[in-house]
Amino acid sequence: MLKYVLLAIFAGLAWFVFVDGSKLDEDDVRAYYAAGRDATLALDADAVCGMLAKDLSGRATSYIGPREQIRLVSRDQACRETEALFRQMKPLMELLGNDIPFGYTYEINKITLSEDRKTAKVEVRSVLDIVGMRFVSRSVDTLVRDRRVVLTRHTEGRVWVSESPGM
């Protein structure tokens, strides 16, 4: 009898992790972006990288003045670039403390959940102000939930780089 009770418990747990744990809702999406904001403001590259699916793909178009650059995006590349940026920022933050102009805001414009709720397409706009530079981005991200963890699997975005106003 104990064997059947344990089997029922494990079956319920497996369903919870693999079936229910792979479905998204709007609260999951909003919590994901809030966690991304917090990780960015904390300069936590590991946390930011941990929010990306291993098979992340995408395309980013950057506009710096009159120049346009199109790049394909992979998880390894995104993690390396985030780590390099945050590594450069940490000494400045420690040296200048709260005097350094640094801010990150985002706005979710639209969330579209798939019928099976296994993916979500999210239109988001963000602004990163960092040491006199402003990065304004608009992207459409495809999020998935894998074993109760929300990850970005695909992104298509544009980033405009300029001087930060008032700097």
Distance between modelled label sites at M89 and A35, nm, 7 Å Cα→Cβ extension
1.9 nm
Given the convex hull of the Cα atoms of region 42-158, what is a quarter of its surface area in nm²?
8.1 nm²
What does the extension gain come out to for R158 and D55, with contour length at 0.36 nm per residue minus their alpha carbon separation?
35.0 nm
Given 0.36 nm per residue, what is the gain on full extension from R80 to R117 after removing their alpha carbon distance, in nm?
10.2 nm
Of the listed links K90/K110; K23/K121; K23/K90, those spanning more than 25 angstrom between alpha carbons are K90/K110; K23/K90
Highest first, please rank the peptides 118-126, 31-39 by the mean number of other Cβ atoms sitting within 10 Å of their residues.
118-126, 31-39
So if R0 is 22 Å, what FRET efficiency would N109 and Y63 give, r being the distance between their Cβ atoms, rounded to the nearest 0.05?
0.70
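Bear in mind that the values in this text are calculations on the coordinates, not laboratory data. Since this is a predicted model, take the numbers as computed values, not measurements. Note: ideal-geometry Cβ built from the backbone for every residue, glycine included; neighbour counts use all protein chains shown.
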